[in-house]
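Asks: Here it is, the structure in full.
The values are calculated or read from the model by the stated rules, or taken from the named source; none is laboratory data. This is a predicted model, so every value here is computed, not measured. Cβ placement follows ideal geometry from the backbone for every residue including glycine, while neighbour counts extend to all protein chains displayed. Areas reflect the complete protein model, heavy atoms only, side chains present, ligands, DNA and RNA absent. Shrake-Rupley method; radii C 1.70, N 1.55, O 1.52, S 1.80 Å.
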Amino acid sequence: MKISFKLNNKNVTIDTDPMRRLLDIIREDFHLTGTKEGCGEGECGACTVLLDGKPVTSCLVNAVHIDGKEVMTSEGIAQEPLGKLLIDCFDETNAVQCGFCFPGFLVTSYHYVKTDGEKNLDKIKKALSGNICRCTGYQKIFESVMMACERN
Ligand code: FES
Ligand code: FES
């Protein structure tokens, strides 16, 4: 099946199995390996991307669901001014340890700061509750997002 969508602001078309996972399309067809596979079951957030501006776990999205839509990965977000600001804040607070969870946190944090942006710890915790960090860096991650809200 031919699937056309926008990926990081570029129009693309692929010919693929309609049930193929968006996670695999991103990583294998476009070599955008920032998007990670952790659980493969929608539980860890490592594979989070924006689909029409909303965070989704790409391991649970099939090719057929992205036809005509807009997908933004961590690589695309890293090119945006707000993405750059978030990366600086994560860097300044040393919020990234092994880095595996970071692309997912970047996508979810970007969505929070862009759509709400209130420097409110409870709201930030709730917004990031679908992302798991195995290196227990949550406090610094929350601090980073608070910092980005303040500076944005
Ligand atoms: S790999 Fe998709 S949520 Fe964990
Ligand atoms: S920094 Fe290692 S999983 Fe989060």
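Asks: With the contact rule set at Cα under 8 Å and sequence spacing of 6 or more, what percent relative contact order holds for the chain? Walk me through the numbers on the way to the answer.
Replies: Details: 277 pairs, mean separation 37.0, N = 152.
Computed value for the chain: 24 percent relative contact order.
Asks: Say R0 is 35 Å: what FRET efficiency, to the nearest 0.05, do E43 and D91 get from their beta-carbon distance? Please list the in-between numbers first.
Replies: Values: r = 27 Å, r/R0 = 0.78.
Using R0 = 35 Å, I get an efficiency of 0.80.
Asks: Here's another thing I want to ask about it. Over the chain, average the accessible area per residue using a 1.4 Å probe and give it in Å², no decimals. Numbers along the way, then the final one.
Replies: Working: 7670 Å² over 152 residues.
Result: 50 Å² of accessible area for each residue.
Asks: Quick one: in segment 1-79, what % of C-alpha pairs are over 17 Å apart?
Replies: Details: 1082 of 3081 pairs.
Of all Cα-Cα pairs in segment 1-79, 35 percent lie more than 17 Å apart.
Asks: What distance in nm separates the simple spin-label points at D52 and T13, each placed 7 Å from Cα in the Cβ direction?
Replies: The two pseudo-label positions are separated by 2.2 nm.
Asks: I would also like to ask the following. Give the lysines whose C-alpha is closer than 30 Å to that of K126, dropping any in the same chain fewer than 8 places away, or say none.
Replies: K6, K36, K54, K69, K84, K114, K140
Asks: What is the magnitude of the charge dipole of the chain about its Cα centre, with +1 placed on the Cβ of each Lys and Arg, -1 on the Cβ of each Asp and Glu, and no other charges, expressed in debye to the nearest 20? Write out the running numbers ahead of the final one.
Replies: Numbers: 18 positive and 21 negative charges, 35 e Å.
Computed about the Cα centre, the dipole is about 160 debye.
Asks: How much length is gained if the chain between C135 and K84 is pulled fully straight, taking 0.36 nm per residue apart and subtracting their Cα-Cα distance, in nm to one decimal? Working shown, then result.
Replies: Numbers: separation 51, 0.36 × 51 = 18.36 nm, distance 2.28 nm.
Extra length available between C135 and K84 comes to 16.1 nm.
Asks: What share of Cα pairs, in percent, lie more than 19 angstrom apart in the chain?
Replies: Working: 5608 of 11476 pairs.
Percentage above 19 Å: 49.
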